[in-house]
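Just below is one structure, and these are the notes that go with it.
Read-outs: derived from the displayed coordinates by stated rules, not from any lab. The structure presented is a predicted model; accordingly, all values stated were derived computationally and were not measured. When we count neighbours, we look across all protein chains shown, and the Cβ atoms used for this are built from the backbone with ideal geometry, even at glycine.
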Amino acid sequence: MKKYFLIIFILFFSCSEDNNLPEIDPVDDSYNRFIMMENLTENIIIPSLENLDSKLKTFNTSLSLFNSDTSMDNLSVLRSDFLVAYKAWQYVEMFNIGKAEEIYYNLKSNVYPVNVARVIANMNNPSLDLDDCSDTRPNNCSAQGFPTLDYLLYGIGDNDDSILLEFKNDSVNYKEYLNTVTQKLISNTSIVLDDLKANKNNFISSTDNTMTSNLNMLVNDFVYYYEKGLRTNKIGIPAGVWTFKIPENVESFYAQDLSKELALEALSACKKFFMGTKFGTESDHGESFKNYIDYLDTENTLSSLIIDSFDNSKSEINGLSASFSNQVNNDNIKMLETFDALQVTVRYLKSDMLSLMGVDVDYVDADGD
Amino acid sequence: MVLPFIKNYLEIRTPSSPLVVFRIFFGLLIFFSIIRFWSKGWIDFLYLEPTYHFSYQYFEWIKPIGFYTYLIFFTCMISALCVAIGYKYRISTSILFLTYTYIELMDKTTYLNHYYLVSLLAFMLIFLPGDSKFLVGSHKKSRFENVPKWTIDSIKLLLFIVYFYAGMAKINSDWLLEAQPLKIWLMSKYELPLFGDNLLQKNWVHYFMSWGGMLYDLSIPFLLIIRRTRIFAFIMVIIFHAMTKILFPAIGMFPYIMVISCLIFFDSKFHDKIIEFISKCIKFFNKRSLISRKVNITNSGFSKKISFNIICIFLAFQLILPIRYKFYPGELFWNERGYRFSWRVMLVEKKGYTTFKVIDKENNKIFYVDNEAYLTEFQEKQMSFQPDFIYEFANYLGDSYTSKGFRNVEIHVDSYVTLNGRRSERLIKADTNIYKVGKAIFYKNHIIPYKYEIKKI
């Protein structure tokens, strides 16, 4: 009987090797995910972060100027730099990966609506720690980042004059808090950017189809951002898709007329990432999810359906008013129609794309058959 | 009225060791798989964390029972160990069957074919004399060398059914003509060393493995039965299941269950050696052997006749159940009527995206449901492409909104499902209410027929 086992094992190993070794094809005809990761990282993720970094620094320079000369002109410059930086952020939010995930970069940068009471309380808190923000301790998350800048630049008075007056008197330390929040955004961005640059090669070569590989995390983050960050937060929640209308929950509520511009920017960021469009260009496409899908899709229809749905969403958003809170208050049907348009892409991403890629949405650690 | 050859067959006796070895390995395997399940935190994750549970029809009353769910798992684990060592065999197999099946029925989100197989095998063991020898702490003089041959053959027949029906299910146009879903799954295994980035990307490999898998499933039960091909077949079993484990690590305990179960096809001499080997090991640890040496020819527990009749009815049922889908109209892979409990293993790659709209007709209020407020990610994923889950959840939502004070509630569903690499299609008619429509009506009127035909036999 021992002989049987011996035979079984010898056969088992010899068979499996016979089956595998001689037939390896020297020509690698698989899709080259490394080149895709390289393009996405070097031409999109890092430049997006660098762009945000520089736009925040420009904002910071204007802030110093505003602090020394608190004038309406300088407030206007500051506000326009804010918009530029906030738009730059729209290209970064979907990469909640590595250091960004570790330091809760997203939660520290763009949780809205801002918690005004918390902001006021923080201004008078000498032991304030803005790093005290995580998924389990969310209180300080909505008292920093872009939504807080939005509140400070547009929301602390009824009109521009009274806002300027508040800064001039500065009886409640608005300037100091504006400065603290700005510095925090800048330092968080540097942490994420520096870490990614230092580990770029490792980052790019992590292309396995596993829960922890960067490729899969990018896929998941992309889908998650499109569904939650863009569709849910920017459109769905204010439009009251799940509950009732909440017009004050739009992005950049205090500036009022920026929400559409930011949403369009975010949508464009998604489309460009999907198509591998090099940052700062309109049609210089490199290897991307699109090409990867084309490699996997025997029907060859999915990538164009996804791109069409992006374009359709864009024209829906274009039909909205510059301020989403006005849109919600005046004609919410259009908001809901925009939501439905965005929903079409979610469907293609979450069912068709993930199915083809063999990537799981959630990575439930359980058996299958 | 019993036909003579059946009567003769019933009288044939055979050494009991294959059944005894099966019982030992089966018990140990379940014991360790419960430990594995527990240690991975799945009891909490799958049964305690979710607030809502998807039920099997007629078993809606079976739910996790809070913290005591752990007690069920513990009882199941201990009973599996008792089965392995042969302690109070009849009681421990009964408890094993009941607890294991209770666990499986708590939430159909976790349905797997091999879990179902374990339940079936545990059920059979209650009525089979797996306690013929090699028992610990038995008061009865219950060692006997021979058992009726049908008792061993019945397990072989169940395994035959499993493989053969699994093979038959693979004879469909997606599997054989499109090499789907293997194409999708194999191509996504590109990180496997040596062949992941080469062979697994090749078209001919997808077809080779699809056809190979089908032929394997159909032929292996025969090759295991025929003495001359048995060793070859068993090697094939090991290779095949090792391969599935390498390619699909998430397949869990399935390969082990099948490999160990297939040992039963070997003759008693082989199993005597295993028993001898285990005896030696045990003796090595204990000076006094734990094994009862007494001889008793009678079977304990149920009478032979009752056992035989139960097993016969059971196996007849198992022969019919997998083909019940023939009685349901529509595309089986799409509406999944009669899909479960039929050994359809790894046949479809489906992902869905499903959202629910609650409508208060009286006040004309409409809004979407946030699935995550009710379901875990795992449940949401499973719900999104399975019509019976969608139906059940929609009715649950309808009830819960009605009890919240909503009037004339309607539930509308937006559901898109992709099947074996095709573009996602709408599964359920848009803008129609599925709350409080009968289940038959739901399948008949609300599920949109699939626009592709997948040919099957």
Pairwise centroid distance, computed over Cα atoms, of the range A:60-79 with the range A:320-364, Å: 37
Added length on full extension, which subtracts the Cα-Cα distance from 0.36 nm per residue, A:LYS57 to A:ASP284: 79.0 nm
Point-to-point label distance, A:ASP340-A:THR212, nm (Cα→Cβ direction, 7 Å offset): 4.5
At a Förster distance of 22 Å, what's the computed FRET efficiency of B:LYS245 paired with B:PHE222, Cβ-Cβ distance as r, to 0.05? 0.40
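Could you sort out which of B:LYS381/B:LYS456; B:LYS183/B:LYS350; A:LYS87/A:LYS234; A:LYS87/A:LYS260; B:LYS170/B:LYS455 sit more than 19 Å apart by Cα distance in this structure? Show your work: numbers first, answer last.
Working: B:LYS381/B:LYS456 27 Å; B:LYS183/B:LYS350 13 Å; A:LYS87/A:LYS234 14 Å; A:LYS87/A:LYS260 11 Å; B:LYS170/B:LYS455 11 Å.
Over 19 Å apart, Cα to Cα: B:LYS381/B:LYS456.
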Residue exposure sequence - B:GLU276, A:GLU227, A:GLU337 - by fewest surrounding Cβ within 10 Å: B:GLU276, A:GLU337, A:GLU227
Distance in Å, no decimals, from the C-alpha centre of the range B:29-56 to the one of the range B:314-374 is 22
For a test of the definition: using alpha carbon positions, the gyration tensor, and the 1.5 limit on a/c, classify chain A as rounded, prolate or oblate. prolate
Relative contact order of chain B (C-alpha contacts under 8 Å, at least 6 apart) in percent is 18
Rounded to the nearest 20 debye, dipole of the protein assembly as shown from Cβ charges on Lys, Arg, Asp, Glu: 6320
Per the helix-only calculation at 222 nm, which mean residue ellipticity applies to chain B, given -39500 (n - 2.57) for every DSSP H run of n ≥ 4 and division by its residues, nearest 500 deg cm²/dmol? -16000 deg cm²/dmol
For A:ARG79, B:ARG23, ascending order of other Cβ atoms within 10 Å (fewest first) is A:ARG79, B:ARG23
For chain B, with +1 on Lys and Arg beta carbons and -1 on Asp and Glu, the positive-most of B:LEU112, B:THR229, B:THR51 along the dipole: B:THR229
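Classify the protein assembly as shown as rounded, prolate or oblate from the Cα gyration tensor: take a ≥ b ≥ c as the square roots of its eigenvalues, call it rounded if a/c is under 1.5, otherwise prolate when a/b beats b/c and oblate if not.
Taking the square roots of the gyration eigenvalues as a ≥ b ≥ c, the protein assembly as shown is prolate.
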My understanding is that a pair violates if its Cα-Cα distance is over 26 Å; which of B:LYS326/B:LYS429; A:LYS271/B:LYS451; A:LYS350/B:LYS189 do that in this structure? A:LYS271/B:LYS451
Can you give me the three principal axis dimensions of chain B from its C-alpha atoms, in Å, biggest first? 78, 53, 53
Once amide H atoms are built 1.01 Å from N in the peptide plane, which residues 5 or more positions from B:VAL147, or in another chain, come under 5 Å H to H? B:THR14, B:SER16
Under the span-like rule (Cα at least 30 Å along the axis, Kyte-Doolittle mean at least 0.5), DSSP H helices of chain B: B:17-39, B:149-170, B:203-225
Given an 8 Å cut-off on Cα distances and at least 6 residues of separation, report the relative contact order of the range B:302-430 as a percent. 25
In terms of the alpha carbon gyration tensor, root eigenvalues a ≥ b ≥ c, rounded if a/c is under 1.5 and otherwise prolate when a/b exceeds b/c or oblate, the range B:56-206 is prolate
Taking placed amide H atoms and a strict 5 Å upper bound, the residues 5 or more places from B:LYS351 or on another chain that come that close are B:THR418
Computed helical MRE - 222 nm, chain A, DSSP H runs ≥ 4 contributing -39500 (n - 2.57), nearest 500: -18000 deg cm²/dmol
Per residue of B:85-92, count partner chain C-beta atoms within 10 Å of its C-beta, then hand back the mean as an integer. 0
Mean Cβ neighbour count within 10 Å, used as a protection proxy, ranking A:176-184, A:328-336, B:444-452 highest first: A:176-184, A:328-336, B:444-452
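Between B:ILE171 and B:SER303, what's the calculated FRET efficiency when r is the beta-carbon distance and R0 is 51 Å? Round to 0.05.
0.80
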Along the Cα→Cβ direction, 7 angstrom out, place labels at B:ARG324 and B:CYS312. What is the inter-label distance in nm? 2.3
Within 10 Å of each Cβ in B:418-426, how many Cβ atoms from other chains are there, averaged over the peptide? 5
Sorted by chain and then number, the residues having a modelled amide H within less than 5 Å of the amide H of B:ASP107, at least 5 places away or on another chain, are none
Among B:SER424, B:ILE72, A:ALA88, whose Cα projects farthest towards the positive end of the dipole of the protein assembly as shown, with charges put on the beta-carbon of Lys, Arg (+1) and Asp, Glu (-1)? B:ILE72
Over the whole of B:185-196, what's the average partner chain Cβ count within 10 Å per residue? Rounded to a whole number, please. 4
Distance between modelled label sites at A:LYS200 and B:PHE270, nm, 7 Å Cα→Cβ extension: 6.0
HN-Hα couplings for the range B:360-368 via Karplus (6.51, -1.76, 1.60; θ = phi - 60°), in whole Hz with x for Gly/Pro, come out as 8, 4, 6, 9, 6, 9, 10, 7, 7
When only C-alpha pairs under 8 Å and at least 6 residues apart count, what is the relative contact order of chain A, in percent? 19
Please arrange A:ASP53, A:ASP352, B:ASP370 by counting, for each residue, the other beta carbons lying within 10 Å of its beta carbon, fewest first. B:ASP370, A:ASP53, A:ASP352
How large is the dipole of chain B about the Cα centre if only Lys and Arg carry +1 and Asp and Glu carry -1, each at its Cβ, rounded to the nearest 20 debye? 2040
